[in-house]
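Following: one structure in structure tokens, then a few remarks.
The values are calculated or read from the model by the stated rules, or taken from the named source; none is laboratory data. In this text, all values refer to a predicted model and were calculated from it rather than measured experimentally. Heads up, the Cβs are rebuilt from the backbone with ideal geometry, glycines too, and the neighbour counts pull from every protein chain shown.
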Amino acid sequence: MTKLNIKSCPSCEGKRIRKVRGSWTGNFKGETYTVPNLEYYECPDCGEKIYDREAMKQIESHSPAFKRAKPKRKVGRSARSATSVRP
Ligand SMILES: [Zn+2]
């Protein structure tokens with residue numbers, strides 16, 4: 001298991017970054033979705049949020065972006081799929 005151990009904010013280097021757990025709301029193409037009980041890091045100084053692998057998985061499992069692909073285009077499945085989610 002790879003666990004992130006974040007001690008300072010990668011954005012502002014603030015030391016007050018901490019792990020929080022709670023309901024997280026995301027937005028995908030105007031559609032909001034909620035991930036209950038998500039654990040992630042949040043910097044109270046700049047608002048930066050960092051998600052570790054597990055959090056990403058949870059977000060992905062709730063995000064409409066990762067739901068079973070709707071048959072939009074008839075392109076074969078791509079060998080690579082993005083592993084990162086960027087708003
Ligand atoms: Zn920060």
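Right, K15: within 15 Å of the ligand (Cβ to nearest atom) and closer than 23 Å to E60 by Cα or not?
No; evaluated as a whole, the condition is false for this residue.
Got a number for residues in the range 18-57 being away from the ligand (no atom under 16 Å from the Cβ) and without any contact (Cβ under 8 Å) to a residue 12 or more places away in the chain? Break it down stepwise before answering.
Of all residues in the range 18-57, those away from the ligand (no atom under 16 Å from the Cβ) come to 21-39, 52-57.
After this cut, where a residue has to be without any contact (Cβ under 8 Å) to a residue 12 or more places away in the chain as well, the list is 25, 30, 32, 57.
Counting residues in the range 18-57 that are away from the ligand (no atom under 16 Å from the Cβ) and without any contact (Cβ under 8 Å) to a residue 12 or more places away in the chain gives 4.
Quickly run through the range 14-46 and pick out the residues that are among the acidic types (D, E) and surrounded by 12 or more Cβ atoms within 10 Å (Cβ to Cβ). Show your work before the answer.
Pass one, the range 14-46, residues among the acidic types (D, E): 31, 39, 42, 45.
Those that are among the acidic types (D, E) and surrounded by 12 or more Cβ atoms within 10 Å (Cβ to Cβ): E39, E42, D45.
Within the range 36-67, track down each residue that is aliphatic (A, V, I, L, M) and within 19 Å of I6 (Cβ to Cβ). I'd like the intermediate steps shown before the answer.
Here is the first cut: in the range 36-67, the ones aliphatic (A, V, I, L, M) are 38, 50, 55-56, 59, 65.
Answer for the range 36-67, where residues must be aliphatic (A, V, I, L, M) and within 19 Å of I6 (Cβ to Cβ): L38, I50, A55, M56, I59.
Is there a residue being under 13 Å from the mean Cα position of the chain (by Cα), part of a loop (DSSP other than H, G, I, E, B) and either within 16 Å of the ligand (Cβ to nearest atom) or at pLDDT below 95 (or both) anywhere in the range 62-80?
Within the range 62-80, the subset under 13 Å from the mean Cα position of the chain (by Cα) is 62-66.
Subset that is part of a loop (DSSP other than H, G, I, E, B): 63.
Filter once more, keeping what is either within 16 Å of the ligand (Cβ to nearest atom) or at pLDDT below 95 (or both): 63.
Checked the range 62-80: at least one residue is under 13 Å from the mean Cα position of the chain (by Cα), part of a loop (DSSP other than H, G, I, E, B) and either within 16 Å of the ligand (Cβ to nearest atom) or at pLDDT below 95 (or both).
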